[in-house]
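Asker: A single structure is presented below for examination.
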Amino acid sequence: MLPLLLIILTIIGLLVIMRREAGSIAATGMTGIAGLIGILIGAPLTGVILLIVTAIIAACGLPALRRRWLTPRLFSLFKTVAPNVSDTERAALDAGSVGWDGELFTGRPNWNQLMNQRFDGVNEEEQAFIDHQCHVAAGMCNAWEIARERTDLPAELWDYLKREGFFGMIIPKEYGGLGFSAKAQSLVLQKLAVNETLMVTVGVPNSLGPGELLLKYGTQQQKDHYLPRLADGRELPCFGLTGPRAGSDATALPDTGIVCKQVIDGQEVLGLRLNFEKRWITLAPIATVIGLAFRMFDPDGLLGDTQDLGITCALIPRQTPGIDIGRRHHPIGSPFMNGPIKGKDVFVPIDTIIGGPEMAGQGWRMLVECLSVGRCITLPSGATGTARYALGWTGGFARLRRQFNLPIAEMEGIQEPLARMAALTYIAQSTVLQTANMIDHGERPAVPSAILKSQLTEFQRRVLADAMDVHGGKAVTLGPRNYLGIGYSANPVAITVEGANIMTRNLMIFGQGAIRCHPYVLDELAAKDANDVQAFDKAIFAHAGLIFGNAARALTQGLGIGKTTTPFDEVAAPYAQDVARLSAGFGLCADAAMASLGSRLKSREMLSARLGDVLSNLYLTSMVLKQWHESDNVEGEATLLHYSCRFLLYRAEQAFVELFDNFPNRGMARVLARIVMPLGRHWHQPTDDLTREIAQAVSRPTMLREKLLDNTWDYQGSDQRDNPLARYNALLEDYPRAEPLYRRIDKAYSKGEIDADALHPEQRLEAAYATGLISEEDADFMRDFEARVLDMLTVDDFAFDAFALHRDKVVEHDIA
Ligand SMILES: Cc1cc2nc3c(=O)[nH]c(=O)nc-3n(C[C@H](O)[C@H](O)[C@H](O)COP(=O)(O)OP(=O)(O)OC[C@H]3O[C@@H](n4cnc5c(N)ncnc54)[C@H](O)[C@@H]3O)c2cc1C
């Protein structure tokens, strides 16, 4: 009995030491003392076993011993299995900062790191812009007219956008820009997402492109010239990276810039001869200045000894001879300006390079550095805004559309997508605002930018598909009355641009995170490159401590022992504790995958994607928890928090399960599964009760619905175009009065108190009024209510040949 007790106590002691990462000295001391106690209490076998364990720990763990025999061998092995990091990858790895994503990699996230970045909202000036200018701009676009009749924004809207500084949100005030915070930019784009073309048109110049590149890297002369002109719309920029041969693998671009001299106006000018072919360049057809990425060569040594200088970015005026620009592509769903640009023997002076000749060859680094901010804001905000409008419209439609004598919002089949839409919207809104807040606190979140871009645009895809399903034929039928269909068909644009989602999920999130955010891998790779065995020893044994620590944390917390403390209230704390638990499991599995697969992990994309999914879901959960903690919560929000966190943590565990099912080393997979999920799955899909409650709340005029739709364009005035969201909101306000009247009339009809041939709702209410079932006042109310509802349900029809671009090609059908 005593030996068994001693072994159990030793294991508990070791787990405590491992959890705290207290080091090999503590572990050696503890097992050594246990071994001696074993001998003293008359359990020699146990004592000897424990002393052998002590010797092994000492040999492997104590620095003086391990450096003699273990470290050199490990270093040799590491050199053979560690991945080689290309220059392109290194540029990506060096870009941006590591924040909460790094905490999740440690397996013991420090919530203070996150909570210290307080969310203070936007300032008065920014809020006034969102309330007024965004409201005016949104009210000036008519989706049908833009998409089908004009294939462009109206001229007065272009003028308004330029005049009010929409294209200069990121440009500081000293250059005439708006100098908005990242949070304000996000809220502006969310509000403008009522129209996809408007959102993209404003989003792109404020994202990755000439504006940001100039701000960060431009020479003072370039800044002074271009920034004021970009801020007030005198110049409209585009940025050309992609071409027919270089898409996702943008560094493979075959476009060239050769350093040369040319005589201009009798003077010899040092410059570049550019030959390029770009496609899909947003704003290109109307851009006045082109940001261009190309590979720069100096074959005659005019700048120095290096011939192949690498990727370089330059700013080129549209009118430069040799440029062929102005044709358009036709992006699916949304006719924003997009087109090809070609250049043949285009000569530009050398100072067109952004940042001047010193920045030759720095283009890729500049681009990935800027991407870490822009990619957190533009597409994720567009996705969030789109989801919020879709939710607002769908909640309204579902409450007002009646089938089988019931609002379809009362049907469980509809409640399921409604609740899912609400949760995805809530998660997206929390994530994009909290990440923007990190940027406002000085971070440049590289890995989160990949998480936000891919996850939130996937949410957008799901929300739009759900919205379409709930609307049925109403959204399938295109025309001016269809507020959803055009945005739905434009969704693949967001999925594809700024790093297509498949690649981002499979390659970037974990691939970049594993090296970038891991506390020790970067140090180990640096030690390898420098052939520094001392540095390697330091990093690898700290790393070993982390692995043991994560194993102990994952196992004990998985068994419900030693839960972490968190700064959250009792509603949110259990989810935060589980983020910490799964983060330990994630850290352990990430190390196991890297150790067992080495450089092959790069090509095992499905495994990498699942690890990325765990990280993504833990990140999203953290953002939801922080938003909950810092905002004024409204009635019903706790239900949405429960749904959202369960949904995300379920997905995180699902990714673990699939990882274990497919992990190549089967023995290791079984051990990992026992440690990370010792009691099996903890989380299940959100319950039907949560689903019902949320669906009710978002299809009625509740505080929760109001909060989810805060800062959207929901105003109906005679000066602006028709606004379906405002109309639904108004109808929902009246719905509580209509509901009992519907019930009364329907009950009377089913009992035969109203004539059976009163088939239309309008006929029934007249019959109910005639029989005295409802008052005159109620009848008036219902007449008006029904007319407004019918108007929302109505779809468009057109002349037979309305859609034929060429009337002479219309078929004359023989229908006699
Ligand atoms: C409407 C629109 C606007 C755009 N605007 C601009 C712009 O303003 N400026 C600009 O420079 N570019 C722009 N682009 C280009 C855009 O960034 C690229 O389309 C995008 O990077 C993907 O390239 P691709 O379409 O050639 O896909 P491909 O590279 O051909 O990829 C095809 C598929 O393979 C997947 N894939 C590729 N590599 C991997 C991998 N290693 N692992 C797993 N999957 C992989 C991708 O995810 C994708 O699903 C725009 C594109 C569009 C469609």
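Asker: Just one of the numbered conditions (1) aromatic (Phe, Trp, Tyr); (2) within 10 Å of the ligand (Cβ to nearest atom); (3) over 28 Å from the mean Cα position of the chain (by Cα) is not true of PHE294; which one?
Answerer: Condition not satisfied by PHE294: (2).
Asker: Now, a different point. Free of Cβ contacts under 8 Å to residues at least 60 places away in the same chain, surrounded by fewer than 15 Cβ atoms within 10 Å (Cβ to Cβ) and over 22 Å from GLN654 (Cβ atoms), is that true of ALA530?
Answerer: For ALA530, the condition - free of Cβ contacts under 8 Å to residues at least 60 places away in the same chain, surrounded by fewer than 15 Cβ atoms within 10 Å (Cβ to Cβ) and over 22 Å from GLN654 (Cβ atoms) - is met.
Asker: From the list LEU189, LEU213, LEU230, pick out the single residue that is touching a residue at least 40 places away in the same chain (Cβ under 8 Å), within 13 Å of the ligand (Cβ to nearest atom) and buried (at least 24 other Cβ atoms within 10 Å of the Cβ).
Answerer: Going through LEU189, LEU213, LEU230 in turn, just one is touching a residue at least 40 places away in the same chain (Cβ under 8 Å), within 13 Å of the ligand (Cβ to nearest atom) and buried (at least 24 other Cβ atoms within 10 Å of the Cβ): LEU213.
Asker: On the given criteria, is ASP784 closer than 28 Å to VAL470 by Cα, under 42 Å from the mean Cα position of the chain (by Cα) and surrounded by fewer than 13 Cβ atoms within 10 Å (Cβ to Cβ)?
Answerer: No: the conditions fail for ASP784.
Asker: Regarding SER334, is this residue more than 30 Å from GLN220 (Cβ to Cβ) and more than 16 Å from the ligand (Cβ to nearest atom)?
Answerer: Judged against the criteria, SER334 is not a match.
Asker: Across the stretch 650-685, which residue is surrounded by the fewest Cβ atoms within 10 Å (Cβ to Cβ) among those that are of a type in the set (Lys, Arg) and in a helix (DSSP H, G or I)?
Answerer: Kept after step one, since they are of a type in the set (Lys, Arg), are these residues of the stretch 650-685: 651, 666, 670, 674, 681.
Within this subset, residues satisfying the condition of being in a helix (DSSP H, G or I) are 651, 666, 670, 674.
Values: ARG651: 19, ARG666: 9, ARG670: 12, ARG674: 12.
It comes out as ARG666.
Asker: Residues VAL373, VAL348: which one is more than 16 Å from the ligand (Cβ to nearest atom), touching a Gly at 6+ places or on another chain (Cβ under 7 Å) and in contact (Cβ under 8 Å) with a residue 24 or more places away in the chain?
Answerer: One residue alone meets the criteria, VAL348.
Asker: Determine whether the stretch 757-766 contains at least one residue that is touching a helix residue (DSSP H, G or I) at 6+ places or on another chain (Cβ under 9 Å), surrounded by 13 or more Cβ atoms within 10 Å (Cβ to Cβ), modelled with pLDDT of 95 or more and closer than 30 Å to ASN723 by Cβ.
Answerer: no
Asker: Same structure again: Taking into account only those residues within the stretch 174-215 that are in a loop (DSSP other than H, G, I, E, B) and of a type in the set (Val, Ile, Thr), which is nearest to TRP158 (Cα to Cα)?
Answerer: VAL204
Rundown of residues vs (1) at pLDDT 95 or above; (2) under 22 Å from PRO724 (Cβ atoms), yes/no style:
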| position | (1), (2) |
| --- | --- |
| GLY179 | yes, no |
| LYS183 | yes, no |
| GLN190 | yes, yes |
| LEU198 | yes, yes |
| VAL202 | yes, yes |
| GLY209 | no, no |
| LEU215 | no, no |
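Asker: Six or more apart or on different chains, Cβ atoms under 7 Å: show the pairs whose first residue is in the stretch 592-612 and in a helix (DSSP H, G or I) and whose second is among the acidic types (Asp, Glu).
Answerer: Qualifying pairs under 7 Å: ARG610/GLU658.
Asker: Let me ask something else about it. Of (1) away from the ligand (no atom under 16 Å from the Cβ); (2) more than 30 Å from LEU793 (Cα to Cα); (3) crowded, with 18+ Cβ neighbours inside 10 Å; (4) of a type outside the set (Lys, Arg), ALA475 satisfies all except one. Which?
Answerer: So ALA475 meets the others, but not (2).
Asker: Which one of these is at pLDDT below 95, out of contact with any Asp or Glu (no Cβ under 7 Å at 6 or more places or on another chain) and either among the charged types (D, E, K, R) or within 16 Å of the ligand (Cβ to nearest atom) (or both): ARG516, ARG462? Write out each step before concluding.
Answerer: Details: ARG462 fails: at pLDDT below 95.
So the residue among ARG516, ARG462 that is at pLDDT below 95, out of contact with any Asp or Glu (no Cβ under 7 Å at 6 or more places or on another chain) and either among the charged types (D, E, K, R) or within 16 Å of the ligand (Cβ to nearest atom) (or both) is ARG516.
Asker: Continuing with the same structure: Inside the stretch 235-263, can you point out the residues that are free of Cβ contacts under 8 Å to residues at least 24 places away in the same chain and either crowded, with 20+ Cβ neighbours inside 10 Å or over 26 Å from ILE495 (Cα atoms) (or both)?
Answerer: Of everything in the stretch 235-263, just one residue is free of Cβ contacts under 8 Å to residues at least 24 places away in the same chain and either crowded, with 20+ Cβ neighbours inside 10 Å or over 26 Å from ILE495 (Cα atoms) (or both), namely VAL263.
Asker: Give the stretch 519-538 a look and list any residue that's within 22 Å of ALA91 (Cα to Cα) and in a helix (DSSP H, G or I), or say none.
Answerer: If the condition is that a residue be within 22 Å of ALA91 (Cα to Cα) and in a helix (DSSP H, G or I), then VAL521, LEU522, ASP523, GLU524, LEU525, ALA526, ALA527, LYS528, ASP529, ALA530 are the ones that fit.
Asker: Another one. Scan the helices (runs of 4 or more DSSP H) fully inside the stretch 1-101 and keep the ones with 1 or more residues being in contact with an Asp or Glu (Cβ under 9 Å, 6 or more places away or on another chain) and surrounded by fewer than 16 Cβ atoms within 10 Å (Cβ to Cβ).
Answerer: In the stretch 1-101, the matching helices (runs of 4 or more DSSP H) lie at 63-81, 87-94.
Asker: With the requirement that a residue be in contact with a Leu (Cβ under 9 Å, 6 or more places away or on another chain) and within 15 Å of the ligand (Cβ to nearest atom), what does the stretch 586-602 give you? Lay out the reasoning, then the answer.
Answerer: As a first pass, look at the stretch 586-602 and keep what is in contact with a Leu (Cβ under 9 Å, 6 or more places away or on another chain): 586-594, 597, 601-602.
If the condition is that a residue be in contact with a Leu (Cβ under 9 Å, 6 or more places away or on another chain) and within 15 Å of the ligand (Cβ to nearest atom), then LEU601, LYS602 are the ones that fit.
Asker: Those residues that are of a type outside the set (Ser, Thr, Tyr), in contact with a helix residue (DSSP H, G or I) (Cβ under 7 Å, 6 or more places away or on another chain) and within 6 Å of the ligand (Cβ to nearest atom), I need them from the stretch 241-252; list them, please.
Answerer: Correct list: LEU241 only.
Asker: May I pose another question? Restricting attention to the stretch 109-121, does a residue exist that is surrounded by fewer than 20 Cβ atoms within 10 Å (Cβ to Cβ) and more than 30 Å from LEU611 (Cα to Cα)?
Answerer: Taking every residue of the stretch 109-121 in turn, at least one turns out to be surrounded by fewer than 20 Cβ atoms within 10 Å (Cβ to Cβ) and more than 30 Å from LEU611 (Cα to Cα).
Asker: For MET438, work out the one condition from (1) out of contact with any helix residue (DSSP H, G or I) (no Cβ under 7 Å at 6 or more places or on another chain); (2) away from the ligand (no atom under 16 Å from the Cβ); (3) closer than 27 Å to LEU418 by Cα; (4) outside any loop (DSSP other than H, G, I, E, B) it doesn't fulfil.
Answerer: Checking MET438 against (1) out of contact with any helix residue (DSSP H, G or I) (no Cβ under 7 Å at 6 or more places or on another chain); (2) away from the ligand (no atom under 16 Å from the Cβ); (3) closer than 27 Å to LEU418 by Cα; (4) outside any loop (DSSP other than H, G, I, E, B), the one that fails is (3).
Asker: Would you be able to say whether some residue in the stretch 628-640 is β-branched (Val, Ile, Thr), crowded, with 22+ Cβ neighbours inside 10 Å and over 21 Å from PRO448 (Cβ atoms)?
Answerer: Looking for residues that are β-branched (Val, Ile, Thr), crowded, with 22+ Cβ neighbours inside 10 Å and over 21 Å from PRO448 (Cβ atoms), one finds at least one in the stretch 628-640, hence yes.
Asker: Among the residues of the stretch 545-562, are any surrounded by 22 or more Cβ atoms within 10 Å (Cβ to Cβ) and within 16 Å of the ligand (Cβ to nearest atom)?
Answerer: Among the residues of the stretch 545-562, not one is surrounded by 22 or more Cβ atoms within 10 Å (Cβ to Cβ) and within 16 Å of the ligand (Cβ to nearest atom), which makes the answer no.
Asker: Are any of the residues in the stretch 396-413 among the β-branched types (Val, Ile, Thr), closer than 30 Å to GLY271 by Cβ, surrounded by fewer than 24 Cβ atoms within 10 Å (Cβ to Cβ) and more than 16 Å from the ligand (Cβ to nearest atom)?
Answerer: no
Asker: Just to be sure before I move on: is LEU302 at pLDDT 95 or above and more than 16 Å from GLY240 (Cα to Cα) in the structure I sent?
Answerer: yes
Asker: Okay, moving on. Taking the stated definitions as given, is GLY339 assigned to a helix (DSSP H, G or I), modelled with pLDDT of 95 or more and closer than 30 Å to LEU478 by Cα?
Answerer: No; evaluated as a whole, the condition is false for this residue.
Asker: Would you please list the contacts, defined by Cβ atoms under 7 Å and residues six or more apart or on different chains, that run from a residue in the stretch 493-515 that is farther than 29 Å from MET337 by Cβ and without any contact (Cβ under 8 Å) to a residue 24 or more places away in the chain to a residue that is assigned to a helix (DSSP H, G or I) and more than 9 Å from the ligand (Cβ to nearest atom)?
Answerer: none
Asker: Which of the numbered conditions does MET508 fail, given that it passes all the others? Conditions: (1) within 16 Å of the ligand (Cβ to nearest atom); (2) closer than 17 Å to GLY585 by Cα; (3) in contact with a Gly (Cβ under 7 Å, 6 or more places away or on another chain).
Answerer: Of everything listed in (1) within 16 Å of the ligand (Cβ to nearest atom); (2) closer than 17 Å to GLY585 by Cα; (3) in contact with a Gly (Cβ under 7 Å, 6 or more places away or on another chain), MET508 misses just condition (2).
Asker: Let me ask another. Go over the candidates LYS278, LYS261 one by one and state the one that is more than 11 Å from the ligand (Cβ to nearest atom) and of a type in the set (Lys, Arg).
Answerer: LYS261
The values are calculated or read from the model by the stated rules, or taken from the named source; none is laboratory data. Quantities reported herein were computed from a predicted structural model and do not represent experimental measurements. In this analysis, Cβ positions are derived from the backbone assuming ideal geometry, glycine residues included, and neighbour counts consider all displayed protein chains.
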